[in-house]
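Just below is one structure, and these are the notes that go with it.
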Amino acid sequence: MKQLLTILLLVASLGAYCQWDTAGLRLPRFELTPALSATALMATGAVLTYNPTANGVNLSLRDKVVSSHNPKLHFDDYIQYLPASAPLVLNLCGLKGKHSFNRLLLLEGGSYLLGAGWLNAFKYALAVERPDGSRLNSFPSGHTFTAFTGAEILRREYGEEYPWIAVAGYAVAVTVAAMRIYNNRHWLGDVCAGAGLGILSVTLVYWALD
């Protein structure tokens with residue numbers, strides 16, 4: 001039942017993001033590529049979590065990366081917020097992106113609000129155990145969601161004119177995802193789903209409000 005619910009939610013989410021242009025009614029343009037990439041990441045996360053064969057990838061990676069001798073590194077608790085804060089700081093410092101500060105604040109706040117609702121719904125409805133056995137809220141990864149939401153906003157605001165800023169944002173996001181696995185706090189499927197959820201939330205909010 002959990003597997004079926006996850007698949008249905010993913011399919012419904014993708015179907016909601018189609019671009020309409022009927023009888024002269026044109027809605028804001030929706031970027032299909034980020035939506036497909038995000039949905040693919042979320043679907044991959046679901047398969048890695050619920051398919052018995054694919055779940056072996058989760059276990060194998062954890063066994064290779066995690067060791068009792070690994071020192072726990074907690075900088076991912078802090079750098080997860082760097083991509084989200086970067087566009088606001090850059091805007092205030094005079095490096096303007098596509099939107100004014102107030103508009104950016106609305107888009108960023110809406111992205112996190114929408115995504116956080118989905119995130120917590122998945123976490124507590126699906127109740128996947130963390131690899132360290134601490135809690136039943138592993139899927140999707142919240143840290144990864146936070147980092148990738150910020151990175152996607154950074155890409156949309158500055159990527160065309162300053163591509164290196166977008167690359168830096170995504171580099172931080174990937175680092176956060178990797179550290180969640182290294183610290184034995186999340187499975188590979190968790191971080192894939194968290195990344196996809198972050199990108200998807202931004203895509204939907206920009207489509208609706210931009």
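Over all orientations, the range 93-210 has a Cα convex hull whose mean projected area works out to 7.3 square nanometres. Sorted from longest to shortest, the spans of the Cα atoms of the range 159-210 along the three principal axes equal 38, 26, 10 Å.
Which of the three applies to the range 37-77, rounded, prolate or oblate, going by the alpha-carbon gyration tensor with a ≥ b ≥ c and a/c under 1.5 meaning rounded? Oblate is the answer for the range 37-77, as a/c is 1.5 or above yet b/c matches or exceeds a/b.
What translational diffusion coefficient, to the nearest whole µm²/s, does the range 54-114 have by Stokes-Einstein, given a Kirkwood radius computed over alpha-carbon pairs, a temperature of 37 °C and 0.692 mPa s viscosity? Translational D for this selection: 220 µm²/s.
As a rough guide to protection, the peptides 126-136, 81-91, 200-210 ranked by mean Cβ packing within 10 Å, highest first, stand as 200-210, 81-91, 126-136. Residue order by solvent-accessible surface for Asp76, Asp63 is Asp63, Asp76, largest first, with ligands and nucleic acids left out and a 1.4 Å probe. Separation of the range 145-191 from the range 76-99 is 13 Å, based on Cα centroids. Stretching the chain fully between Val66 and Asn51 yields a gain of 3.2 nm (0.36 nm per residue, less the alpha carbon separation).
The values are calculated or read from the model by the stated rules, or taken from the named source; none is laboratory data. Because the structure is a prediction, the values reported are computed rather than measured. We place every Cβ from the backbone using ideal geometry, glycine too, and count neighbours over all the protein chains shown. What goes into the accessible areas is simple: the full protein's heavy atoms, side chains included, and nothing from ligands, DNA or RNA. Shrake-Rupley method; radii C 1.70, N 1.55, O 1.52, S 1.80 Å.
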